[in-house]
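Following: one structure in structure tokens, then a few remarks.
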Amino acid sequence: MVGNYITSFIGFMPADDPKIVVYVAIDNPKGAVAYGGTIAAPIARNILEDTIPILNIKKREGGFLKEYRYFDTKYKMVEDVVGLTPKEAREKLKDFNIEYSGTGDKIISMSPSAGSSVPVGSTIRLMLEQ
């Protein structure tokens, strides 16, 4: 049928010694530009990022940071706030939205975990002691 597309993206990591390959295909995407890089790639990125701690993939030295262009989604590393007060956590996570669970004065866990690279403005869920 005219106008129906399948967008796809394939990715792997680490680049020099692949441990995982992810292929994402979206059948007939709606409401967006039908390019694999804009539709399927973000899904693949989330899957790949979630496997980093599972496969114990360590950050390599000697790489380079991405230079962002105006329309690029900017990513930031999530700082560890476990053990801090909600006020202290807000100061450290000022580039993110924060969602709390619990009513205590101390953070006991967080999601995504410390060290994760997530888009600026994402929601960080903090669990307070009961």
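Structure above, values below:
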| quantity | calculated |
| --- | --- |
| Length gained when the stretch residue 35-residue 61 is fully extended (0.36 nm per residue, less Cα-Cα span) | 6.1 nm |
| Residues whose placed amide H lies under 5 Å from that of residue 75, excluding near-sequence neighbours | 120 |
| Whichever lysines have a C-alpha closer than 17 Å to that of residue 59, once near sequence neighbours (fewer than 8 apart) are set aside | 19, 76 |
| Built amide H within the under 5 Å cut-off of residue 109, gap 5+ | 127 |
| Karplus 3J(HN,Hα) series, Hz, for the range 72-80 with 6.51 cos²θ - 1.76 cosθ + 1.60 (x for Gly, Pro) | 5, 6, 8, 10, 9, 6, 7, 7, 6 |
| For residue 96, distant residues with modelled amide H under 5 Å away | 121 |
| For the chain, share of DSSP beta bridges that run antiparallel, in % to the nearest 5 | 75 |
| Contact order relative to length of the chain, as percent, for alpha carbon pairs under 8 angstrom and 6 or more apart | 19 |
| Residues of the range 7-130: accessible area per residue with a 1.4 Å probe, Å² | 71 |
| ³J(HN,Hα) computed for each position of the range 106-120 - Karplus, 6.51 cos²θ - 1.76 cosθ + 1.60, integer Hz, glycine/proline x | 9, 7, 10, 7, 8, 9, x, 6, 4, x, 6, 9, 10, x, 4 |
| Cleavage-rule hits (trypsin sites (Lys or Arg not before Pro)) in the range 43-130: DSSP loop, at most 11 neighbouring Cβ within 10 angstrom | 58, 59, 60, 66, 69, 74, 94 |
| Cα long-axis angle, helix 41-55 against the chain (0 to 90 degrees, to the nearest 10) | 50 |
| Cα Rg, Dmax (largest Cα-Cα span) when computed across the range 1-110, Å | 18.5, 58 |
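The values are calculated or read from the model by the stated rules, or taken from the named source; none is laboratory data. Quick caveat, the model's predicted, so the values are computed rather than measured. All Cβ positions, glycine included, derive from the backbone under ideal geometry; neighbour counts span all protein chains shown. SASA here: full protein model, heavy atoms, side chains in, ligands and nucleic acids out. Shrake-Rupley method; radii C 1.70, N 1.55, O 1.52, S 1.80 Å.
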